[in-house]
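Chemist: Can you read through this structure? Questions will come right after.
The values are calculated or read from the model by the stated rules, or taken from the named source; none is laboratory data. Everything quoted here is computed from the prediction, not taken from an experiment. Counting neighbours? That spans all protein chains shown, and the Cβs are built from the backbone with ideal geometry, glycine included.
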């Protein structure tokens, strides 16, 4: 056999060997993509709740606690 044929056979063997790993990587990539989308939705929800919480505090007339006041009033 010629060197070119041997190289083609080796390449075919390598492709067969890595095929399961490549399939697993592709599946993992899809899972990560889905989880990133879910994370973005959760982060957006948190930001929305924080924004609503900030507006509600403004309407109550309450001010944010001063850390010095929380520690016994000493500044």
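Chemist: Does region 64-73 include one or more residues that are outside any helix (DSSP H, G or I), modelled with pLDDT under 95 and surrounded by 10 or more Cβ atoms within 10 Å (Cβ to Cβ)? Outline the logic, then answer.
Modeler: Initial filter on region 64-73 (outside any helix (DSSP H, G or I)): 64-66, 71-73.
Okay, now just the ones that are also modelled with pLDDT under 95, so 64-66, 71-73.
Applying the additional criterion that residues be surrounded by 10 or more Cβ atoms within 10 Å (Cβ to Cβ) yields 66.
Yes.
Chemist: Looking only at region 16-32, decide whether some residue is exposed (fewer than 10 other Cβ atoms within 10 Å of the Cβ) and modelled with pLDDT under 95.
Modeler: No; the residues of region 16-32 include none that is exposed (fewer than 10 other Cβ atoms within 10 Å of the Cβ) and modelled with pLDDT under 95.
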